[in-house]
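Encoded as structure tokens, the structure appears first; notes follow it.
The values are calculated or read from the model by the stated rules, or taken from the named source; none is laboratory data. None of the values given here were measured: they were computed from a predicted structure. Please note: Cβ atoms are built from the backbone with ideal geometry, for glycine as well, and neighbour counts cover all protein chains shown. With ligands, DNA and RNA removed, areas are computed over all heavy atoms of the protein, side chains included. Shrake-Rupley method; radii C 1.70, N 1.55, O 1.52, S 1.80 Å.
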Amino acid sequence: AQSVTQLDSQVPVFEEAPVELRCNYSSSVSVYLFWYVQYPNQGLQLLLKYLSGSTLVKGINGFEAEFNKSQTSFHLRKPSVHISDTAEYFCAVSEAKAAGNKLTFGGGTRVLVKP
Amino acid sequence: EPEVTQTPSHQVTQMGQEVILRCVPISNHLYFYWYRQILGQKVEFLVSFYNNEISEKSEIFDDQFSVERPDGSNFTLKIRSTKLEDSAMYFCASSSGRASGAFFGQGTRLTVV
């Protein structure tokens with residue numbers, strides 16, 4: 001079984017400042033890692049994913065994340081946020097060799113970008 | 001851009017009633033899922049569906065729940081006898097494969113009164 005911990009439930013940040021959202025996971029098998037964003041009153045949108053290879057992955061809207069196997073982390077970063085980045089962000093894992101691709105989610109981090 | 005669509009967006013039902021939540025996955029996807037999010041809690045996996053059968057289900061997905069793909073486009077979640085604790089946002093998702101990531105619909109907010 002996998003578990004995902006997002007250490008910060010809320011992150012306030014000023015516009016044009018950098019932001020980092022922390023995600024740690026636990027799994028006894030190899031996993032795929034994902035970040036999703038949920039804007040108010042909308043569904044979950046895939047930001048980026050890590051499957052294998054380069055540990056730095058780039059996603060949509062200027063976000064990137066770095067996979068660190070030794071620290072079992074997959075932190076999400078953006079060098080300069082916009083007001084429109086105000087949303088809830090979810091880290092998720094799935095078992096790499098499982099047929100169903102079931103996602104296990106963290107509790108989410110609410111990002112509030114202030115002008 | 002193709003998207004997953006869910007109907008209705010909000011459903012209010014009385015305890016003990018049956019509800020059917022509907023989803024139209026992305027057309028060339030092969031894997032279909034239901035997740036739910038109780039207010040203030042994590043998004044939780046309910047069930048995955050592949051090749052016209054359930055491939056995995058969670059402990060939440062008991063005999064009160066069922067899924068169906070009645071035709072080539074729809075994917076439904078039925079709750080036979082709703083309880084107050086079934087109140088949640090229910091998300092449908094689909095994917096083309098294990099490594100593609102799942103694409104989510106906008107959700108159906110189910111309120112059981």
The pairs in A:K49/A:K114; A:K58/B:K57; B:K42/B:K83; A:K49/B:K78; A:K58/B:K42; B:K57/B:K83 lying past 23 Å Cα-Cα in this model are A:K49/A:K114; A:K58/B:K57; A:K49/B:K78; A:K58/B:K42
The protein assembly as shown accessible area per residue, 1.4 Å probe, protein heavy atoms, integer Å², reads 49
Across B:43-51, the residue-averaged tally of Cβ atoms belonging to other chains within 10 Å stands at 4
Here the FRET efficiency for B:N74 versus B:M15, based on Cβ atoms and R0 = 25 Å and rounded to 0.05, is 0.45
iface B-A | buried accessible area, total | probe 1.4 Å | Å², round 100 | 1800
Residue separation between B:A99 and B:S81 times 0.36 nm, minus their alpha-carbon distance, gives in nm 3.0 nm
Counting only protein heavy atoms with a 1.4 Å probe and every protein chain in place, the carbon and sulfur fraction of the accessible surface of chain A in whole percent equals 51
Reduced to Cα centres, the span from region B:44-113 to region A:17-53 in Å works out to 21
For the B:D62, A:F14 Cβ pair and Förster radius 41 Å, calculated FRET efficiency rounded to 0.05 is 0.30
